[in-house]
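The values are calculated or read from the model by the stated rules, or taken from the named source; none is laboratory data. What you see is a predicted model; the values in this text were computed from it and never measured. Ideal geometry is used to build each Cβ from the backbone, glycine not excepted, and the neighbour counts take in all protein chains shown. Side chains are part of the model used for accessible areas, which takes the heavy atoms of the whole protein and leaves out ligands, DNA and RNA. Shrake-Rupley method; radii C 1.70, N 1.55, O 1.52, S 1.80 Å.
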Amino acid sequence: CRGDLPPQSLLKIPRRTSGQIKIRGHVFNYLDPLSLYWSWHEIFGDEIYRFPHPTGHPKILDGGANLGLASLYFLNLFPNASITAIEPDPICFSVLQKNLAWAATSPLILKNCALAGQHGRRKFYPHAGDAGRLDVPLASASTGVEVDCLPLDDFLSEPIDFVKLDLEGAETEVLTSSRHLHKIHHLFIEHHSFAGRPQDLDQALRSLSQSGFRYWIQSQFLSKRPYEKLETNEAMDLQVNIFATNQNWKKDS
């Protein structure tokens, strides 16, 4: 499934410019060419979500599906996968529906909601198709939208092979509120730490350890000399990828 890197021409297109490109024979709509370029680099180039499955029929939860690039990757890797893709941003969700319309005959469920610690409705702040988040405005003039929120356990009524959580800051509350993490075999978390807000990476890792996971951490963003100058990216002062596998996982757990 390993693919070529996206065309360099994407880097020449102004940011926040929507367009289309062909990926694996399917037309893929995007809202920001730079975001697509780097997402493609990670997902199809580095294959950071690749995991083994004995039958090729895994159950996958794509939490923070954005425009559907990860789900497209999973469907290429496992054409018979059962995938639930969750995306709270209403604009991104409409594009997600277009991008995965070709897979309508597959066991594919698309849900326009946010993963959170509990049920309810909260303010979500979109960000032109990239890095929207719950509760925290990206700028003083940001306008939020009310979205439905569901806890992770709503999707863990039965064992699941792979869960991806890219929630722009909500990942720790989602993990710590779950009582059924043991039902997950492989778990990928993109953890975000925001400058000026309490850090909670330790809580996320504790939840994994207590649920039987062994994890590996890969830095995505960090100042080269944080003691001297703490740089930020989209208000983040740290971003790491966490790869976790449940050592006690059983298909009938």
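Distance in nm between label sites at Lys123 and Glu146, each 7 Å beyond Cα in the beta-carbon direction? Using points 7 Å along Cα→Cβ, the separation is 1.3 nm.
Charges were assigned to the Cβ only: +1 to each Lys and Arg, -1 to each Asp and Glu. The resulting dipole of the stretch 1-120 about its Cα centre is roughly 220 debye.
The residues of the stretch 1-120 expose, per residue, 45 Å² of accessible area to a 1.4 Å probe.
Counting only DSSP beta bridges with both residues in the chain, what percent are antiparallel, rounded to the nearest 5?
Details: 30 of 51 bridges.
Antiparallel bridges: around 60 percent, rounded to the nearest 5.
Taking 7 Å steps out from each Cα toward its Cβ at Ser209 and Thr105 produces label points 4.9 nm apart. Report, ordered by chain and residue number, the aspartates and glutamates lying within cross-link reach of Lys98, taken as a straight Cα distance under 12 Å and ignoring same-chain residues fewer than 8 apart. The reachable aspartates and glutamates, counting only those whose Cα sits under 12 Å from Lys98, number zero.
Starting from 0.36 nm per residue, how many nanometres of slack lie between Lys98 and Asn76 once their C-alpha separation is accounted for? Could the numbers behind the result be given before it?
Values: separation 22, 0.36 × 22 = 7.92 nm, distance 1.70 nm.
Between Lys98 and Asn76, full extension yields 6.2 nm more.
For the chain, a simple Cβ point-charge model (Lys and Arg +1, Asp and Glu -1, everything else neutral) yields a dipole of about 360 debye relative to the Cα centre.
Of all lysines in the structure, the ones whose alpha carbon falls short of 20 Å from that of Lys250, not counting any fewer than 8 places away in one chain, are Lys59, Lys164, Lys183. A simple rule links phi to the HN-Hα coupling: the Karplus curve 6.51 cos²θ - 1.76 cosθ + 1.60 with θ = phi - 60°, which for the stretch 117-128 gives x, 7, 5, x, 10, 9, 7, 10, 10, x, 9, 6 Hz, with x for Gly and Pro. Accessible surface calculations at 1.4 Å, restricted to protein heavy atoms, place the stretch 161-220 at 43 Å² per residue.
Using C-alpha pairs below 8 Å separated by at least 6 residues, the relative contact order for the stretch 122-253 is 23 percent.
Which shape class applies to the stretch 22-151: rounded if a/c is under 1.5, otherwise prolate when a/b exceeds b/c and oblate if not, where a ≥ b ≥ c are the square roots of the Cα gyration tensor eigenvalues? Prolate, since a/c reaches 1.5 and a/b exceeds b/c.
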